[in-house]
Amino acid sequence: MAASPALEAPETVDRHGRRWFYRHPLVIRLAHWINAAVLLVLLMSGLQIFNAHPALYWGSVSTFDSPALAITSEQGSDGTSRGVVTVGSHSLETTGVLGLSKEGGTEVERAFPSWATLPADQDLATGRRWHFLFAWLLVINGAVYLLYGLFSGQLRRRLIPDGDQIRDFGGSVKEHLLLRFPEGTEAKRYNVIQKLTYLVLVLGLLPAMVLAGLAMSPGMDAAWPWLTELFGGRQSARSVHFIAAGLIVLFVVVHVLLVIVSGLVNNMRGMLTGWFSLGRPEKEPAR
């Protein structure tokens with residue numbers, strides 16, 4: 001069996017006997033932090049754009065009377081306004097968070113509140129400028145990450161599960177549910193759930209979000225109509241774009257929580273300096 005690239009990466013032991021493993025190369029670290037900043041701007045500017053028409057549809061046209069999803073406000077029987085999220089035929093009151101929120105003590109009808117959008121004021125044109133600029137930064141940064149990962153072998157190591165990991169998939173699920181995380185030599189590589197999740201993110205969700213964004217462009221639709229047809233129409237592409245962005249936000253939330261519970265200081269040190277602590281050397285079994 002060929003040696004895992006994770007096991008061949010530099011390792012050292014300090015004067016206190018603690019093992020250190022060079023887990024994240026510079027290009028990976030830079031791409032990670034650039035991606036985090038770019039995705040934050042894309043999310044906030046995207047919500048600004050969504051606020052201009054806070055509804056989603058399937059197909060080629062907007063069926064205003066029957067949206068797949070809508071975030072609006074409505075007036076109740078008592079005359080007071082309330083925020084409402086509608087998914088198909090189901091509605092949920094979301095006053096104060098979605099549909100209706102306060103700005104400077106005054107209730108304002110907005111799908112997403114001002115603190116979540118870029119810019120904070122309702123400004124579609126500026127939001128679109130931010131979104132399109134950072135969309136290209138996302139594509140460039142992603143291309144650098146993929147090319148480096150392919151030629152250095154990092155992509156295979158980080159995204160493709162090893163045979164023994166696939167066989168122990170159930171055990172990895174159990175360890176995650178019990179919040180038990182690999183230690184020592186096993187901590188040198190991502191576990192099978194991490195690898196599969198990153199695989200879906202890098203090769204699935206992010207490309208789908210970018211392609212769906214392109215499919216919404218009238219210019220792209222004119223040049224490459226097949227791209228819009230691939231999603232079943234411009235409105236379907238907009239819905240896919242929104243759903244993919246939501247799933248990426250969910251990934252980030254879970255990712256940050258796991259970083260915290262599995263060792264915030266060690267994980268942050270690894271992503272800032274590259275060096276990850278494996279703890280004390282493992283004791284050899286008694287003979």
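Observations on the model:
- Test result for residue 183, within 25 Å of residue 274 (Cβ to Cβ) and of a type in the set (D, E, K, R): yes
- Among the criteria (1) open to solvent by less than 40 Å² (accessible area, probe 1.4 Å); (2) in contact (Cβ under 8 Å) with a residue 24 or more places away in the chain, the one residue 70 does not fulfil is (2).
- Taking the criterion of being under 28 Å from the mean Cα position of the chain (by Cα), farther than 17 Å from residue 47 by Cβ and surrounded by 13 or more Cβ atoms within 10 Å (Cβ to Cβ), the residues of the range 88-117 that qualify are 91, 93, 95.
- Between 132, 50, 64, the distinction of being open to solvent by less than 40 Å² (accessible area, probe 1.4 Å), under 25 Å from residue 237 (Cα atoms) and hydrophobic (A, V, I, L, M, F, W, C) belongs to 50 only.
- Filtered residue count, the range 209-240, keeping only those that are open to solvent by 30 Å² or more (accessible area, probe 1.4 Å) and assigned to a helix (DSSP H, G or I): 17
- Only a single criterion out of (1) touching an Asp or Glu at 6+ places or on another chain (Cβ under 8 Å); (2) in contact (Cβ under 8 Å) with a residue 24 or more places away in the chain; (3) among the charged types (D, E, K, R) is not satisfied by residue 82, namely (2).
- Boolean, residue 126 is closer than 23 Å to residue 210 by Cα and among the hydroxyl-bearing types (Ser, Thr, Tyr): yes
- Failed item in (1) at pLDDT 95 or above; (2) buried (at least 18 other Cβ atoms within 10 Å of the Cβ); (3) over 30 Å from residue 27 (Cα atoms), with residue 126 passing the rest: (2)
- The range 111-134, residues that are free of Cβ contacts under 8 Å to residues at least 60 places away in the same chain, outside any helix (DSSP H, G or I) and of a type in the set (Gly, Ala, Ser): 120
- Where residue 33 falls short, out of the listed (1) open to solvent by less than 30 Å² (accessible area, probe 1.4 Å); (2) part of a helix (DSSP H, G or I): (1)
The values are calculated or read from the model by the stated rules, or taken from the named source; none is laboratory data. Just so it is clear, the model here is predicted, and its values are computed rather than measured. Every residue, glycine as well, gets a Cβ built from its backbone with ideal geometry; the counts of neighbours run over all protein chains shown. These area figures cover heavy atoms from the full protein model, side chains too; ligands, DNA and RNA do not enter into them. Shrake-Rupley method; radii C 1.70, N 1.55, O 1.52, S 1.80 Å.
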